[in-house]
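The numbers here are math on the coordinates, done by the rules we state, and not lab data. Just so you know, these numbers come straight off a predicted model, no measurement behind them. Here the Cβ positions follow ideal geometry from the backbone for every residue, glycine too, while neighbour counts run over all protein chains shown.
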Amino acid sequence: MQRFAGLPETGLMDAVTMATMRKPRCSLPDVLGAAGLVRRRRRYALRGSIWKTRTLTWRVRSFPQSSQLSQETVRTLMSYALSAWGVESGLVFQEVGSQDKEPDILIDFARAYHQDSYPFDGMGGTLAHAFFPGEHPISGDTHFDDEETWTLGSKDGEGTDLFAVAVHEFGHALGLGHSSAPNSIMRPFYQGPVGDPDKYRLSQDDRDGLQQLYGKAPQTPYDKPTRKPLAPPPQPPVMPPDRPSSPVPDRCEGNFDAIANIRGETFFFKGPWFWRLQPSGQLVSPRPARLHRFWEGLPTQVKAVQAAYARHRDGRILLFSGPQFWVFQDRQLEGAARPLTELGLPPGEEVDAVFWWPLNGKTYLIRGQQYWRYDEAAARPDPGYPRDLSLWEGAPPAPDDVTVSNTGDTYFFKGAHYWRFPKGSVKTAPDSPQPMGPTWLDCPAPSSDPGLPRPRKPSPSSGPCDCQCEINHAAGRRPPPLPLLPLLLLPLLPLLAGGVVSS
Ligand SMILES: [Zn+2]
Ligand SMILES: [Zn+2]
């Protein structure tokens, strides 16, 4: 298996690949469908796989390297987080030592690549992930990104509460998916600390979800003091200011440098940052990841990627900047920078947009009002190019980028809008252009055009999204006070519902 941040293994989103991916690893439709939200009362989602035994073993194999939390505190927090699920279901969690047989739930704090197919992404973004129950050795295992600042109950917005994230991840490790219920610990985004670990109790929605899988606790009333008291929490660490870097841009403003469909996910590049949208239509995180952290070997002097696309014939990913491009196998740079002249462009020329068009298998390179069509097999541009971009009827000149969605439609992006070309067509759909934000980026509709009809969701592929069992940081701001939560949820819900409209 190739490793690429949880993306499918080849450029082809074929059924075999998707089916394989479902097996030993997490497979989790992130959110309930619109129909589910309407028809079903319950919000929790179940995965279908459960543990067959009622006593589960666990062990913390590696600890955070730089957290102020001691190993003892980490173990205690894990124990409490598991107990939160145990008291409601009667499941028993037993800590084992390193000499014992491999536990069901093996816990690690890890950085970047760590021997599964889901490398972590440094501070922010993905915080942790867990594998669903099953027969595979990795089933139930739970990994925390060691580059987060793990804290306990920090209220000042610094750091990430380890207990809250652990409860969430263990929910996955027991077979629960994400929930849209307002108070659920299984909401897909981190909501901040949840209070005293020894007093914490799961929300009704989470209890319902759990008991659906494992039944109720036989006779253990919740208030039975089965948990030992927690050592006094350590003082929240005093954090140095975040590393100096360019301010995080607002994705809702659009104006991306490049947008690409890479193995079913849509990548939005802007300056030294990028966002990822899963095939389900959900952002991996509202916080962008760092360009150079992810694309290993991309020279630091590359401050922005002007165009990007996944090469169909070998699955390589090409990033363009200035008169050069770089070729990546998965996240790793392959070789040196190459000149655009290699693709048949005149010396000194740059590109605004590059995409591969499934209809004819050709690669298109756009600059301003003209474009070249490149033949990968012949390794040269087709004769008679460049041509005028107006051949793509209705396309904006000098698009920020162009990409083909999993459904086969071609999307031109420019500024904060997109133009859709239905599959196989070189003429824009009549409803183009549309604002990008609500459809692609979990942003509110621009107030200037409130009456716009809701466009179809572009990305969902034929199947539900796979492999999202992660919990992510909410948009980099501190958790809101509780009474506000239902309000803040509102902007999220249309996106959740929209994710399945066309699937
Ligand atoms: Zn992992
Ligand atoms: Zn999750």
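Observations on the structure shown:
- Across the range 324-454, the relative contact order, built from alpha-carbon pairs under 8 Å that are at least six residues apart, equals 13 percent.
- Since only F412, Q329, P386 are under comparison, the one whose Cα sits farthest along the positive direction of the charge dipole of the range 251-440, derived from C-beta charges on Lys, Arg, Asp and Glu, is Q329.
- Euclidean distance between Cα centres, the range 112-176 to the range 403-447, Å: 34 Å
- Integer Hz, Karplus 6.51/-1.76/1.60 couplings in order for the range 260-270, x for Gly and Pro: 9, 8, 10, 6, x, 9, 9, 9, 10, 9, 8
- Net length gained if the chain between R201 and R61 were fully extended (0.36 nm per residue, minus Cα distance): 47.8 nm
- Here the residues F189, F163, ranked from fewest to most Cβ neighbours within 10 Å of their Cβ, fall in the order F189, F163.
- For T410, net neighbour charge (Lys/Arg +1, Asp/Glu -1) across residues whose Cβ lies under 9 Å away: +1
- Contour minus Cα-Cα distance for E334 and A112 (0.36 nm per residue): 78.0 nm
- Each of E102 and Q71 was given a label point 7 Å from its Cα along the Cα-to-Cβ line. The distance between the two points is 2.2 nm.
- Remark on Q94: its backbone amide H falls under 5 Å from those of L56, T57, W58, a criterion applied only to residues 5 or more positions apart or on other chains, H modelled at 1.01 Å from N.
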